[in-house]
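Presented below is the structure to which this report refers.
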Amino acid sequence: QLVESGGGLVQPGGSLRLSCTSPESRLNYYGIGWFREAPGKKREGVSCISNQDGSTTYGDSVKGRFTISRDDATNTVYLQMDSLEPVDTAVYYCVADRAFGCRYFPREEFFAAWGQGTQVTVSS
């Protein structure tokens, strides 16, 4: 089970930090990713952090603006989102996979566990 939090309404140019945690599993055993889905658009891979070496991957549209990190002490993965734009408006989903990690990111079919999603709205 994955639980996201931190979504909300923010003005363009602002920042938000999303959190993903699990009450049941140690997230450091899993590759953890973020996907987003906007109305009328195809679901998009945002970022992933590997369970093997901690390496990170980003979608082209968020490179340089978003940062993924993990805190093993609190069993939480964060997605720091800066310089937000209206096009970043979407439901953001935390995903996890132990067997493949981030190897096949952003192919969503390789992530076995999905959270319920959290809404991010960027608007003035």
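The values are calculated or read from the model by the stated rules, or taken from the named source; none is laboratory data. Keep in mind it's a predicted model, so treat the numbers as computed, not measured. Cβ coordinates were reconstructed from backbone atoms using ideal geometry, including for glycine residues, and neighbour counts include every protein chain displayed. Ligands, DNA and RNA are stripped out before the accessible areas are found, and what is left, the full protein with its side chains, is counted by its heavy atoms. Shrake-Rupley method; radii C 1.70, N 1.55, O 1.52, S 1.80 Å.
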### Query
Residues in region 63-86 that are part of a loop (DSSP other than H, G, I, E, B) and on the phi < 0 side of the Ramachandran plot: how many?
8
### Query
What single numbered condition from (1) surrounded by 14 or more Cβ atoms within 10 Å (Cβ to Cβ); (2) touching a residue at least 24 places away in the same chain (Cβ under 8 Å); (3) part of a strand (DSSP E or B) fails to hold for F100?
(3)
#### Entry: Counted residues, region 29-40 - those being within 14 Å of S61 (Cα to Cα) and in a loop (DSSP other than H, G, I, E, B)
1
### Message
With surrounded by 14 or more Cβ atoms within 10 Å (Cβ to Cβ) and touching a Phe, Trp or Tyr at 6+ places or on another chain (Cβ under 9 Å) as the only criterion, which of T76, T57 stands out?
### Response
T57
### Those residues of region 2-54 which are basic (K, R) and either over 11 Å from the mean Cα position of the chain (by Cα) or open to solvent by less than 60 Å² (accessible area, probe 1.4 Å) (or both), in sequence order
R26, R36, K41, K42, R43
